[in-house]
1. Along Cα→Cβ at 7 Å, what distances in nm separate the B:Val200 label point from those on the other copies, shortest first?
2. Could you pull out every residue, at least 5 positions away or on a different chain, whose amide H is within less than 5 Å of the one on A:Gly153? Hs are placed 1.01 Å off N in the peptide plane, and Pro or chain starts have none.
3. For the stretch A:39-105, state the average projected area of the convex hull of the C-alpha atoms over all orientations, rounded to one decimal in nm².
4. Which three extents, in whole angstrom, do the alpha-carbon atoms of chain A cover along their principal axes, largest first?
5. Using a label point 7 Å beyond Cα on the Cα-Cβ vector, give me the inter-copy distances for A:Lys3 in nanometres, one decimal, shortest first.
6. Long-range amide H contacts for B:Val106: which residues qualify at under 5 Å (H placed 1.01 Å from N, peptide plane, sequence gap of 5 or more or a different chain)?
7. With θ taken as phi - 60° and the coefficients 6.51, -1.76 and 1.60, list the Karplus ³J(HN,Hα) couplings across the stretch B:2-12 in order, rounded to whole Hz; mark glycine and proline as x.
8. If you take all C-alpha pairs in the stretch A:111-163, what percent of them are over 15 Å apart?
There are 2 protein chains.
Amino acid sequence: MQKVTFEISMSLDGFVAGPEPSLEDPLGRGGERLHEWILGLKSWRASHGRSGGEEGLDSDLLAESIAAGGATIMGRNMFSGGEGPWENDPNPDGWWGDEPPFRHPVFVLTHHERESQAMQGGTTFHFVTTGIEAALEQARAAAGDKNVAIAGGADVAQQYLRAGLLDEMQIHVVPLLLGAGVRLFDDGLGAEDQPRLERVRVIDSPAVTHLRYRVVK
Amino acid sequence: MQKVTFEISMSLDGFVAGPEPSLEDPLGRGGERLHEWILGLKSWRASHGRSGGEEGLDSDLLAESIAAGGATIMGRNMFSGGEGPWENDPNPDGWWGDEPPFRHPVFVLTHHERESQAMQGGTTFHFVTTGIEAALEQARAAAGDKNVAIAGGADVAQQYLRAGLLDEMQIHVVPLLLGAGVRLFDDGLGAEDQPRLERVRVIDSPAVTHLRYRVVK
């Protein structure tokens, strides 16, 4: 059955990027340390068109996620870091290179219309200006039997979570204290407005602890 | 070897108490849900002088922590919720009843001197006005070969962590979003000022995921 999923690396103190993310430093100060565990994995390298890399628990887990996804949704910030009209975006082609690792349709949430853009390797970026539900509807259709992955950032994931549109969430807890930065879960609504979670699976690897939860509807 | 340890229940979104903790509601709105997993456990009930309760992974883990501790340190807020001179404290005898569950010496950090107070069941409260290092020194001596447990609150734990005085930290991640409240890890210093952590052990129980880290000195 098709699911809407979200997964992200989070420091033990709750940050998914370091402080002051910018065009030059999209993960914020120190934020690249959140992703160190993933960069050497065989499955990550394969998705980026590279050979070699470490096999094992973490690589298998990532391979599972990659295989499960049939479409991706991301915020404008995660696509290019820009805002406003595209002609003023200093990074209009985005951060993902000529051959992005998604290899399926990617729906970018934006307030500014733009033609779809087919990339090498199977990724096509579609730009959706009609909101998170419309983007999800398009992504669901594009994904077929596979899952729709909400890629981020944190604000986009929170919007889907609070709208009751997320089925599963996997948090990769990195044994790291960032001290400051962008929180996955910002202060917001009280407990009564939060969805209920059920633990689905915990995978403990030396580098990271992978916590998977089901969002109870 | 004697260790200085800290453990606490934390919601997935990083809170260790709900919003607006008060004398009437010391865990804040919704905060009692963080501790539901512990209240029915056999080892928790035994520490509170009660019989019965659930056996299993969680109970064994708690029993292990209880057996390992020879002295406890807590903040004034965790003792009574009060501040200022003791004669003005609306809750001067604290929250812990006539027979507190610690059953060993407990050192309470306070700015206001007070005589030690022996309770039933082996707990004696000592009031330390000379800072976190002095309290630790006294607790270390009192604990003998056993560990010193930093009981909390979050601010006290952070002080010990950042002073490099903590050896191990165990976080019980509760599959719960509180949305607001008291964070274990507040925004603070940047990554470069944070201690480095190493994962020691992950125990996955149906109710809670227990993450234990060593603080690298």
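Just so you know, all these numbers are worked out from the coordinates, no wet-lab data involved. Computed from a prediction, not measured in an experiment: that's the story for all the values here. Ideal geometry is used to build each Cβ from the backbone, glycine not excepted, and the neighbour counts take in all protein chains shown.
1. Computed spacing set for this position: 3.1 nm.
2. A:Gly75, A:Met78
3. 5.2
4. For chain A, the Cα extents along the three principal axes come out at 47, 43, 39 Å.
5. Relative to the other copies, A:Lys3 has label-point distances of 3.3 nm.
6. It is B:Thr72, B:Thr124, B:Phe125, B:His126, by chain and number.
7. Karplus-based 3J(HN,Hα) across the stretch B:2-12 equals 5, 10, 9, 10, 9, 9, 7, 8, 10, 5, 4 Hz.
8. Numbers: 788 of 1378 pairs.
Taking all Cα-Cα pairs of the stretch A:111-163, the fraction more than 15 Å apart is 57 percent.
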